[in-house]
Amino acid sequence: MRTKRVGNLIRDLVSSLIMKGVVKDPRVNTLITITEVSVSSDLAYAKLYVSSFESESKMEKAVEALNHAAGFIQHNISKDLKMRVTPKLRFIADTSIRRGFELNEKIDSLDISPDEE
């Protein structure tokens, strides 16, 4: 249960840093969303799943930039986490939202009408 609380707090803090523009890398913009945070049971590591409405290549570049800035982000959130050790952050691209939209579009494009007799 504690890992879930810490994960939610990390998600909120990192999202806030991204929205405020604290991460100055031009590859990271406000269209990026942290969809989920998975924290290890010893609270030493956290995987942050990142999604975006932009193209997949832009999202990959943003994830690369976030991983490059992970130490900076970790330092910034450590002030608010108030934990002895701040989890080491690792960002991972999450394409599940995009795949869901694509699946919905495919379903909508099917002509499923009742057979007329």
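Looking only at the range 16-60, which residues are loosely packed, with under 15 Cβ neighbours inside 10 Å, under 12 Å from residue 95 (Cα atoms) and hydrophobic (A, V, I, L, M, F, W, C)? Within the range 16-60, 53 is the sole residue that qualifies. The single condition among (1) assigned to a loop (DSSP other than H, G, I, E, B); (2) in contact (Cβ under 8 Å) with a residue 12 or more places away in the chain that residue 42 does not satisfy is (2).
Please work out if residue 30 is among the β-branched types (Val, Ile, Thr), out of contact with any Lys or Arg (no Cβ under 8 Å at 6 or more places or on another chain), under 17 Å from residue 97 (Cβ atoms) and assigned to a loop (DSSP other than H, G, I, E, B).
On the way: among the β-branched types (Val, Ile, Thr): yes; out of contact with any Lys or Arg (no Cβ under 8 Å at 6 or more places or on another chain): yes; under 17 Å from residue 97 (Cβ atoms): yes; assigned to a loop (DSSP other than H, G, I, E, B): yes.
Yes.
Where a number appears in this text, it was derived from the coordinates with a stated rule and is not lab data. Treat the numbers as computed from the prediction; the structure is a model and nothing was measured. Here the Cβ is made from the backbone with ideal geometry for all residues, glycine too, and neighbour counts use every protein chain on show.
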